Structures are given as C-alpha cells and as structure tokens.
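Report on one structure; see the data block that follows.
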Amino acid sequence: MTFDTLADYLLEKALFTNEDLVLIKSYAVMKRVTKRDFIFKTGEICKHMIFVSKGLLRLFRVDDNGNDYIIRFASETSWMSERESYLTGQPSNYSIEAIENSEVLIWKKEDFRYLLDQIPALKVVMKSLLEKNQIATQHRVFTSMSSSAEEKYRQFIETQPGIFNRLPLHMVASYLGLSRKTLSRIRNTS
C-alpha cells in the first residue's frame, strides 16, 4: 500500500481533495528497491523526487580516498532527492542507496513541477518541508562544528531514534563525521 502511506502523510499536513490525490498518484511510479541497490548514482543528473513509503535510504558522497560521507537518511514518510543536481541540472557528486529493502514513489522532475503548479496544498507542504530541512541543516552544521564526539552521538540518538537501531555502526560514524574506532569507544563508555 505504498501510495496509501503518501496519501495519509499528505492528509496530515494539508487539505487535499480526492482529485488532488488521484492526480499525484497518476504521475507516481512505485518502485521496490533491494538493500544496497542504488536509486541514483554519482555522475548522473538527478531528475526525480522520491518519497519513501517503506525502508531506509541514504544520500552520500565518496571522497578520493574511498571514504563515504553520509549527508542524510530518509526513512518512512520522508522525501529524498539530490537537491543540487535536481535544481541545477548538473551531474551529481552524490549517490542515493537503499540501506534496507525499500518501497518508494518516484516522480519525474517535470511531472512534480506540474503537480506543484496544479495542487496548491502540495506546494504548501513542500515549501514547509524545505524550510524545516534548511533549519535542520543549519543545526547539523553547527553541531558538527561545535560539539564533541560524545555530544554528536547523543544528539543523533535523540533526534533519530526511529532509525538508530536500523543502521550499521559504520554508517552512524560516517553521518557524524567520526571514525568507527571513536564511535565504538563512545558507545562502550555510554
């Protein structure tokens, strides 16, 4: 019931008519993604908006030494896209991969823009989401610059309780900008 998850999510956020939901669904493509499969890879141009109905995704970048840097996670009822490439039309330095077997809804960029133009409630929901994401990003940057490793770990557990236990330790370390050794030490002393 992948679309039902989205419909419930949208109806919690704003007033959508049945016609609105039918139109949104008509442009959506449901996709099942197996653990470790890529939805989007480095070097491609991001041309899709993604909604996670079930599962867990990560947006990440790999440096020249082969180290992963996770920018964000998206679990159930979350949106995912590589915003820079999506907005600029330039090839991306990032990838989106399934951490778990997942079910997602995907819209082509031009279709999603059409939906935003046709459905005012969707535009309101997405604007609010972008604003919240910008605030969360500011908090994350500040925390990463000003907090100790222990504080970063504690804050992650508090702000991401729904996904913490679903992630391998090396991904938590990557997201927090810590080595696995440092994160293991922190976990053993907590």
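Bear in mind that the values in this text are calculations on the coordinates, not laboratory data. No experiment lies behind these values; they were computed from the predicted model shown. Because the Cβ atoms are built from the backbone with ideal geometry, glycine has one as well, and the counts that use them run over all protein chains shown.
Residues that are crowded, with 17+ Cβ neighbours inside 10 Å and either touching a Ser or Thr at 6+ places or on another chain (Cβ under 8 Å) or not hydroxyl-bearing (S, T, Y) (or both): which strands (runs of 3 or more DSSP E) entirely in the range 1-94 hold 3 or more of them? Before you say what the answer is, go through the steps one by one.
Working: elements: 29-33, 38-40, 48-54, 56-62, 68-75, 78-80.
So the answer is 48-54, 56-62, 68-75.
Any residue in the range 2-21 that's of a type in the set (G, A, S): show its pairings with residues that are assigned to a helix (DSSP H, G or I) at Cβ separation under 6 Å, as long as the two are six or more apart or on different chains.
Pairs that qualify, where the first residue is of a type in the set (G, A, S) and the partner is assigned to a helix (DSSP H, G or I), are A7/L21; A14/A121; A14/V124; A14/V125.
Here are some residues: N93, N65. Which one is polar (S, T, N, Q) and in contact with a strand residue (DSSP E or B) (Cβ under 9 Å, 6 or more places away or on another chain)? Even if it seems obvious, please write down each step before you answer.
Values: N65 fails: in contact with a strand residue (DSSP E or B) (Cβ under 9 Å, 6 or more places away or on another chain).
Of the residues listed, the single one that is polar (S, T, N, Q) and in contact with a strand residue (DSSP E or B) (Cβ under 9 Å, 6 or more places away or on another chain) is N93.
Can you tell me which residue in the range 121-131 is farthest from K47 (Cα to Cα), limited to those that are surrounded by fewer than 14 Cβ atoms within 10 Å (Cβ to Cβ) and either in contact with a Ser or Thr (Cβ under 6 Å, 6 or more places away or on another chain) or without any contact (Cβ under 8 Å) to a residue 40 or more places away in the chain (or both)?
Just the residues of the range 121-131 that are surrounded by fewer than 14 Cβ atoms within 10 Å (Cβ to Cβ), to begin with: 127-131.
From what is left, the residues that are either in contact with a Ser or Thr (Cβ under 6 Å, 6 or more places away or on another chain) or without any contact (Cβ under 8 Å) to a residue 40 or more places away in the chain (or both) are 127, 130-131.
Values: K127: 19, L130: 18, E131: 21 Å.
The qualifying residue farthest from K47 (Cα to Cα) is E131.
Condition (residue is of a type outside the set (D, E) and under 18 Å from M126 (Cα atoms)) applied to the range 26-33: is it met by at least one residue?
We begin by selecting, within the range 26-33, every residue of a type outside the set (D, E); these are 26-33.
Still in the list and also under 18 Å from M126 (Cα atoms): 27-28.
The answer is yes; a qualifying residue exists.
Filter the range 95-120 for residues that are in contact (Cβ under 8 Å) with a residue 60 or more places away in the chain and surrounded by fewer than 16 Cβ atoms within 10 Å (Cβ to Cβ) and give the result.
If we filter the range 95-120 for residues that are in contact (Cβ under 8 Å) with a residue 60 or more places away in the chain, which is where we start, we get 97-109, 111-112, 114-115, 118-119.
If the condition is that a residue be in contact (Cβ under 8 Å) with a residue 60 or more places away in the chain and surrounded by fewer than 16 Cβ atoms within 10 Å (Cβ to Cβ), then N101, K108, Y114, Q118 are the ones that fit.
Being small (G, A, S) and in a helix (DSSP H, G or I) is the filter; apply it to the range 144-164 and report the residue that is surrounded by the fewest Cβ atoms within 10 Å (Cβ to Cβ). Outline the logic, then answer.
Start the filter on the range 144-164 by keeping residues that are small (G, A, S), which leaves 144, 146-149, 162.
In the following step, the residues that additionally are in a helix (DSSP H, G or I) were identified as 144, 146, 149, 162.
Working: S144: 12, S146: 9, A149: 16, G162: 11.
Applying the filter and picking the extreme gives S146.
Out of the residues in the range 161-190 that are in contact with a Ser or Thr (Cβ under 9 Å, 6 or more places away or on another chain) and in contact (Cβ under 8 Å) with a residue 24 or more places away in the chain, which is farthest from L56 (Cα to Cα)?
Looking at residues that are in contact with a Ser or Thr (Cβ under 9 Å, 6 or more places away or on another chain) and in contact (Cβ under 8 Å) with a residue 24 or more places away in the chain, I get G177.
Which of the residues belonging to the range 107-143 are within 13 Å of the chain's Cα centre (by Cα) and under 19 Å from L21 (Cα atoms)?
L129
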